[in-house]
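Student: Quick one: this structure, given as structure tokens, is what I'll be asking you about.
The values are calculated or read from the model by the stated rules, or taken from the named source; none is laboratory data. All of these numbers come straight from a predicted model, not from anything done at the bench. Here the Cβ positions follow ideal geometry from the backbone for every residue, glycine too, while neighbour counts run over all protein chains shown. Quick note on the areas: whole protein, heavy atoms, side chains included, nothing else; ligands and nucleic acids left out. Shrake-Rupley method; radii C 1.70, N 1.55, O 1.52, S 1.80 Å.
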Amino acid sequence: PDQTPAERRAIYEAQVDALADLHGYEPEAIGLGDYGKAGNYFARQVGRWSKQYRASETHTVEAMDRLIDWLPQGLPEDAPARIVHGDFRLDNMILAPDRAEVRAVLDWELSTLGDPLADVSYFLIAWVIPSTERNGLAGLDLETLGIPSMQEAITRYCARTGREGLPQLDWLLSYNLFRLAAICQGIGGRVRDGTAASPHAAAMAARVDPLAEAAWRFAERAGA
């Protein structure tokens, strides 16, 4: 909040560049060829988060039920495996103190080998989450704040990675909102079981329904 619009834009652009550079590494070339399974990344991820959601389900969320049925029907084609961080956002970065440069990326517990489109679309969900929610930008005057639009972020990422665009973006946004809802439901399950230590756990659990509804809206845009 203490940055000028120009400084803020430079920070967001540095985030995009750092993510693009991460996805530029070939895992085998840097000794991480065995960092995860190869192939069927989205199929495995949808299956994993569906199972985790069911295991911690506390109430019926119709949008989640529909997503569990629909997401496997539109899986993107397999892409060459890259390092996928899994939780790439500003909260998990250390910036240089005197310039817009990402010096380190933290919190790699969800990282694996997979499709880089999962990572970049997870980063982009900040633009569709309301600004009243954690990490949300939707509803803000981005131009006045100096924050790039989603399309500007996509264009910069594609230019740096040599992509022509992000195919099936609505499916990808739906998947990532579904995944985030499943993570929040896991926290809700721990609240139910009395094992959630964080004072913010109940608030995270309350995000399941709105995240699921947002995920289904993108699913409908994708033809569900």
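Student: In the Gaussian network model of the chain, springs joining C-alpha atoms below 10 Å, which of A153, A203, A38 carries the largest mean-square fluctuation?
Tutor: A203
Student: Something else about it: Please work out how much length the chain gains when fully extended from E220 to I30, using 0.36 nm per residue of separation minus the C-alpha to C-alpha distance, in nm with one decimal. Each step should come with its number before you reach the end.
Tutor: Numbers: separation 190, 0.36 × 190 = 68.40 nm, distance 3.98 nm.
Once the chain is fully extended between E220 and I30, it gains 64.4 nm.
Student: Still on this structure, please answer the following. Can you bin the stretch 28-153 into rounded, prolate or oblate? Criterion: square roots of the alpha carbon gyration tensor eigenvalues sorted a ≥ b ≥ c, rounded for a/c under 1.5, prolate for a/b above b/c, oblate for the rest.
Tutor: Numbers: a/c = 1.94, a/b = 1.18, b/c = 1.65.
It is oblate, given that a/c is not under 1.5 and a/b is not larger than b/c.
Student: Which whole-number percent is the relative contact order of the chain (Cα, under 8 Å, 6+ apart)?
Tutor: Values: 305 pairs, mean separation 60.3, N = 224.
Computed over the chain, the figure is 27 percent.
Student: Moving on to the next point. Check which residues have an amide H placed less than 5 Å from L95's amide H, if you skip close sequence neighbours.
Tutor: It is R103, by chain and number.
Student: Right, next: In nm, what is the difference between 0.36 nm times the number of residues separating T60 and L145 and their Cα-Cα distance? The partial results should precede the final answer.
Tutor: On the way: separation 85, 0.36 × 85 = 30.60 nm, distance 3.88 nm.
So the extension gain works out to 26.7 nm.
Student: I would also like to ask the following. Provide the packing ranking of 5-12, 213-220, 24-31, i.e. peptides ordered by the mean count of other C-beta atoms within 10 Å per residue, highest first. Intermediate results must be reported in sequence, preceding the final value.
Tutor: Details: 5-12: 15.8, 213-220: 20.2, 24-31: 11.4.
Answer by packing, highest mean first, reads 213-220, 5-12, 24-31.
Student: Shifting gears a bit: Placing unit charges on C-beta atoms (Lys and Arg positive, Asp and Glu negative, everything else neutral), compute the dipole magnitude of the chain about its Cα centre in debye, rounded to 20. Intermediate results must be reported in sequence, preceding the final value.
Tutor: Numbers: 22 positive and 32 negative charges, 88 e Å.
The dipole magnitude comes to about 420 debye.
Student: Over the chain, with every protein chain in place, what whole percent of the accessible area is carbon and sulfur at 1.4 Å, could you tell me?
Tutor: On the way: 5820 of 11400 Å².
For the chain, the apolar C and S fraction of the accessible surface comes to 51 percent.
Student: Something else: When the Cα centres of the stretch 62-133 and the stretch 145-200 are compared, how far apart do they sit, in Å?
Tutor: 5 Å
Student: Which one, Q52, S174, P80, projects farthest toward the positive side of the charge dipole computed for the chain from Cβ point charges (K/R +1, D/E -1)?
Tutor: After comparing all options, I get Q52.
Student: If you roll a 1.4 Å probe over the heavy atoms of the protein chains, what accessible area per residue do you get for the chain, in Å²? Please list the in-between numbers first.
Tutor: Details: 11400 Å² over 224 residues.
Roughly 51 Å² per residue, with all protein chains present.
Student: Remind me, relative contact order of the stretch 100-224 in percent, using alpha carbon pairs under 8 angstrom and six or more residues apart? Before the final figure, lay out each step's value.
Tutor: On the way: 103 pairs, mean separation 26.2, N = 125.
After rounding, I find 21 percent.
Student: If Lys and Arg each add +1 and Asp and Glu each add -1, what is the summed charge of the other residues whose beta carbon sits under 11 Å from the beta carbon of E57?
Tutor: +2
Student: Per DSSP helix of 4 or more residues, -39500 (n - 2.57); summed, then divided by the residues of the chain. What does that give at 222 nm, rounded to the nearest 500? Walk me through the numbers before you get to the answer.
Tutor: Details: 9 runs with 114 residues, N = 224.
For the chain, the value works out to -16000 deg cm²/dmol.
Student: Quick check: with the 1.4 Å probe, what order do I183, I83 take by accessible area, largest first?
Tutor: Details: I183 50, I83 10 Å².
Largest to smallest exposure gives the sequence I183, I83.
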